[in-house]
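I have placed the structure first, in the form of structure tokens, so that the comments after it can refer back to it.
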Amino acid sequence: MPDQDPSSETAEFSPGRSVARREDLRFLTGQGRYVADIDVAGQVHMAVVRSNHAHAELRAVDISAAADMEGVLGVHTHADLAADGIGTLPCHAIGPHISYSVVPPRPVLAGGRLRYVGEVVAMVIAETPAQALAAAEMVAVDAEPLETVVDMTAARDASAPQLWPEAPGNVAFRAERGDAAATAAAFDTAAHVIELAVENNRVHACPIETRAGIASYNPATETFDLICNVQGVHGARDELADDVFAIDRERLRISAPDVGGGFGLKNFVYPEWALLLWAAWRHGRPVKWVAARGEDFIGAAHGRDSRVKARLALDADGNFLALDGEITGNMGAYLSGGGPGVASRAFMTAIGGIYRIPAVHFRAVGVFTNTQCVDAYRGAGKPEANFITERLIEVAARRLGFDPVELRLRNAIDSFPYETALGQSIDCGRMRANIEDAVRHADRTGFAERRAATERTGKLRGLGFACFLETSRGAVEEGAEVRFAADGKVEIALGTESQGQGHETAFTQVAVDRLGLAPEDIRYVQADTAKTRMGLGHGGARSMYMGGSALSGAIDAALAKAMPLAAELLQTTPKDVTLKAGRFLAGSNSQSVALIEVARAARDRDDAGKGIDSFFHVKDAPFTFPNGCHAAEVTVDPETGTVELLRYTVCDDYGNLINPRLTEGQVVGGIVQGIGQALGEHIVHDGDSGQLLTGSLMDYLVPRAGMMPVFQVHLQGVPTTVNPLGVKGSGQAGAIAGAQTVVNAVLDALAPLGIDHLDMPLTAEKIWRAIAVARQDMRA
């Protein structure tokens, strides 16, 4: 890294500093640019007609009344798209790790059979949004209802309705990892075996900005342009071009402006993106669509919705011997783009958490039901794996008489590198130290006194601990480019994309540090297939690890090109040239030349005009392993079942921190989502009709600020050596840890009543009923 003047603006913006976000000024002053803020000359508007049936034979779609309404340009059904050869939506998450799979065709517009409430049946194109919505109300869908199944366990029953004839028993896929024989042998010799079944309740990501897009078509060049709030523009372009439209990728440009949250929901290709593009081509005008909140509840992918049955084997001293079990994932009616990977791949990377478990064997099964598709939601499989691991340990401690904290400390990984039973090589971490720190910062020593004081008021008090292991990386490759623009700015073009995480600030910090330039000299570029060479987008807590590594490589390549030219301009040799504060210096002489001037000279000499511009491609990257221990303290009112979160302690290891303030914000945001799932968030379908019962914010509990405790965040990292920045991903960790921490705290409060397990969400009613049953049993 170049030498820095500690008093300079460059030093103030260097990695490790909690720099205020560069992008916040425009967000806080209403200057953010989201899809809904964008209008294109001549645009028309799309509304979609969705199925009211969870399972039905589609007899006919009558569009005549809608087509005659004022302002309507067209009303279209499956037949229109089929006539133009429009393909189906792909799922590319089936890999060699899956032993059996069925990937049924997922049409852009339903035809023949309807398989979930919210499936798109028709679309209306009109001059105004109001006209499009009014016409959509007039489309008459004639369908014959069929028997419905929404529960994943019921779907596997022999008597259940079959969604796809090619998927007997409604099984979408099967996968298996681990050594079955070694695991069985360990259970045979175990002194104790603890069994537990848990449900990871279905949730909705509920980003503040719903899905939205604007598509255009240029007949002169036969090219498409789609502006939408997808989380990975290159992946969406490739799937739409290759699988849906069968056109060259160069003919489709996708870009995303500011994006108001994603959490996984915006990772995937949806029917609406294809409809916008087709309609723009068909009608010769730009087409805009912004989803209503209710449309995202029934039309966007949901998260979690899995059931896990597992067993933990221990010896007489509490040492873990083996872990065995099966995860069943509800896939919904179709396989969403990444859906199968959640339970079959991501879950398997994190099962067992931070602990030494010599033998592990797990199976995964995906099941079709008459519900919306289920796919990645913040953490995507890792929260489910850590949840069952931590709940098994907590229940083992309660039932076998071990101290929950001591049991974790006894089995925590404490030497590195550590090879897990499923083949993960963990290079470093603070597993034991995080637990010890959490115990201290949460003041476990003083908890007995606090509990006694609370019990004198008639309430119950609990203190729960839980650990987590994240496996961050996402896709195994990423690219970044450094470009020296004609206006003197340095463009850093990243393939990872921000939906509010602060990438513009954090990546600029890396560039400022490596180039010695001022922040205003850096221009951040992202989320545009025409301006970024490649990218695997956001997901898997990968942005700083993968994107930052690629950016570092691109900067190194640019400086390697610049050094010989700088030496030539300074009339010295490259070995005598150093970079300081954005200028190349010639040894101890006072001569210097600005990096920007060298870049300009290189561009003038280059016939292609690229100069020292450089691209770097990171390939076959290993995982990094963020880890931590959290503690939550709660009270429970036994008369109402109401839970109050008092405080929440975080002790985490994310390696080096580029911007501690941003890291803390990401962690706390994830914890809030974990708290939401633990205490109230729950997508519920009617078991008979398949109707979504929690389809609005009147029925679906999104956590509010008033529900949140005081957060005490302590970040102390062990730098990893698998990337040049020494960073580990932090974007998903809070959501991976939060749910089990809160559940453990609530159940610690309920422990005196003999209650050691409840499935999420721990609503006041569920807790109240459990207390009533426990009191009745105690009286009996």
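The values are calculated or read from the model by the stated rules, or taken from the named source; none is laboratory data. The structure presented is a predicted model; accordingly, all values stated were derived computationally and were not measured. All Cβ positions, glycine included, derive from the backbone under ideal geometry; neighbour counts span all protein chains shown. Calculation scope for accessible area: heavy atoms of the full protein, side chains included, ligands and nucleic acids excluded. Shrake-Rupley method; radii C 1.70, N 1.55, O 1.52, S 1.80 Å.
Looking only at region 389-427, count every residue that is under 30 Å from ASN723 (Cα atoms), out of contact with any strand residue (DSSP E or B) (no Cβ under 8 Å at 6 or more places or on another chain) and among the hydrophobic types (A, V, I, L, M, F, W, C) and tell me the total.
Summing the residues that are under 30 Å from ASN723 (Cα atoms), out of contact with any strand residue (DSSP E or B) (no Cβ under 8 Å at 6 or more places or on another chain) and among the hydrophobic types (A, V, I, L, M, F, W, C) in region 389-427 gives 1.
Determine if region 500-520 includes at least one residue that is of a type in the set (Ser, Thr, Tyr), in contact (Cβ under 8 Å) with a residue 12 or more places away in the chain and under 30 Å from ASP248 (Cα atoms).
No.
Can you work out which of the residues in region 528-540 that are touching a helix residue (DSSP H, G or I) at 6+ places or on another chain (Cβ under 7 Å) and of a type outside the set (Val, Ile, Thr) is surrounded by the fewest Cβ atoms within 10 Å (Cβ to Cβ)?
Residue satisfying both the conditions and the ranking: MET534.
When you scan region 297-345, how many residues do you find that are assigned to a loop (DSSP other than H, G, I, E, B) and among the polar types (S, T, N, Q)?
So the count comes out to 2.
Could you please find all residues in region 450-477 being of a type outside the set (Lys, Arg) and more than 37 Å from the chain's Cα centre (by Cα)? Show your work before the answer.
Within region 450-477, the subset of a type outside the set (Lys, Arg) is 452-455, 457-458, 460, 462-472, 474-477.
Residues satisfying the conditions are ALA452, ALA453, THR454, GLU455, THR457, GLY458.
Can you report the number of residues in region 691-732 which are aromatic (Phe, Trp, Tyr) and closer than 30 Å to ASP151 by Cβ?
1
Quick check on region 673-690: of everything there that is farther than 17 Å from ALA155 by Cβ and part of a loop (DSSP other than H, G, I, E, B), which residue is most open to solvent (accessible area, probe 1.4 Å)?
Checking each candidate, the answer is HIS682.
Looking at (1) farther than 17 Å from ARG304 by Cβ; (2) open to solvent by 10 Å² or more (accessible area, probe 1.4 Å), which is the only condition VAL395 fails?
(2)
Given VAL198, VAL244, which one is closer than 30 Å to GLY695 by Cβ and more than 22 Å from the chain's Cα centre (by Cα)?
Unique residue meeting the criteria: VAL244.
When you scan region 664-672, do you find a residue that is part of a helix (DSSP H, G or I) and at pLDDT below 95, even just one?
Applying the first criterion (part of a helix (DSSP H, G or I)) to region 664-672 yields 664-672.
The next check asks that each one be at pLDDT below 95; those that pass are none.
No, every residue in region 664-672 fails to be part of a helix (DSSP H, G or I) and at pLDDT below 95.
Which condition from (1) open to solvent by 10 Å² or more (accessible area, probe 1.4 Å); (2) out of contact with any helix residue (DSSP H, G or I) (no Cβ under 7 Å at 6 or more places or on another chain); (3) modelled with pLDDT of 95 or more; (4) under 30 Å from PRO286 (Cβ atoms) is the one that MET138 breaks?
(2)
Under the condition of being in a helix (DSSP H, G or I) and touching a Phe, Trp or Tyr at 6+ places or on another chain (Cβ under 8 Å), which residue from region 279-296 is most open to solvent (accessible area, probe 1.4 Å)?
So, considering only residues that are in a helix (DSSP H, G or I) and touching a Phe, Trp or Tyr at 6+ places or on another chain (Cβ under 8 Å), the one most open to solvent (accessible area, probe 1.4 Å) is TRP281.
Listed residues ASP142, ASP151, ASP157; which is among the acidic types (Asp, Glu) and over 30 Å from GLY329 (Cα atoms)?
Answer to the check: ASP142.
Right, PHE402: outside any helix (DSSP H, G or I), touching a residue at least 40 places away in the same chain (Cβ under 8 Å) and among the hydrophobic types (A, V, I, L, M, F, W, C) or not?
In short, yes.
For region 582-595, does any single residue satisfy the condition of being modelled with pLDDT of 95 or more, within 27 Å of the chain's Cα centre (by Cα) and assigned to a strand (DSSP E or B)?
No: zero hits.
With the structure loaded, tell me whether VAL702 is open to solvent by 50 Å² or more (accessible area, probe 1.4 Å), β-branched (Val, Ile, Thr) and assigned to a loop (DSSP other than H, G, I, E, B) or whether it fails that test.
For VAL702, the condition - open to solvent by 50 Å² or more (accessible area, probe 1.4 Å), β-branched (Val, Ile, Thr) and assigned to a loop (DSSP other than H, G, I, E, B) - is met.
Open to solvent by less than 10 Å² (accessible area, probe 1.4 Å) and closer than 24 Å to ILE675 by Cβ, is that true of ALA380?
Answer is no for this residue.
Given the condition open to solvent by 10 Å² or more (accessible area, probe 1.4 Å), of a type outside the set (D, E, K, R) and at positive phi, answer yes or no: does some residue in region 324-341 qualify?
No, that holds for no residue.
Would it be correct to say that GLY611 is at pLDDT below 95, crowded, with 20+ Cβ neighbours inside 10 Å and not in a helix (DSSP H, G or I)?
no
If only one of ALA751, ALA737, ALA745 is surrounded by fewer than 24 Cβ atoms within 10 Å (Cβ to Cβ), out of contact with any helix residue (DSSP H, G or I) (no Cβ under 6 Å at 6 or more places or on another chain), at pLDDT 95 or above and within 23 Å of CYS629 (Cβ to Cβ), which one is it?
On inspection, the qualifying residue turns out to be ALA751.
Please go through region 624-639 and give me each residue that is in contact with a strand residue (DSSP E or B) (Cβ under 7 Å, 6 or more places away or on another chain), surrounded by fewer than 24 Cβ atoms within 10 Å (Cβ to Cβ) and not in a strand (DSSP E or B), ordered by number.
Passing the criteria: only PRO638.
Can you spot a residue in region 679-688 that is in contact (Cβ under 8 Å) with a residue 60 or more places away in the chain and over 30 Å from ALA160 (Cα atoms)?
Yes, region 679-688 has at least one match.
Has region 707-716 got at least one residue that is at pLDDT below 95, assigned to a helix (DSSP H, G or I) and under 30 Å from ALA453 (Cα atoms)?
Yes, some residue in region 707-716 is at pLDDT below 95, assigned to a helix (DSSP H, G or I) and under 30 Å from ALA453 (Cα atoms).
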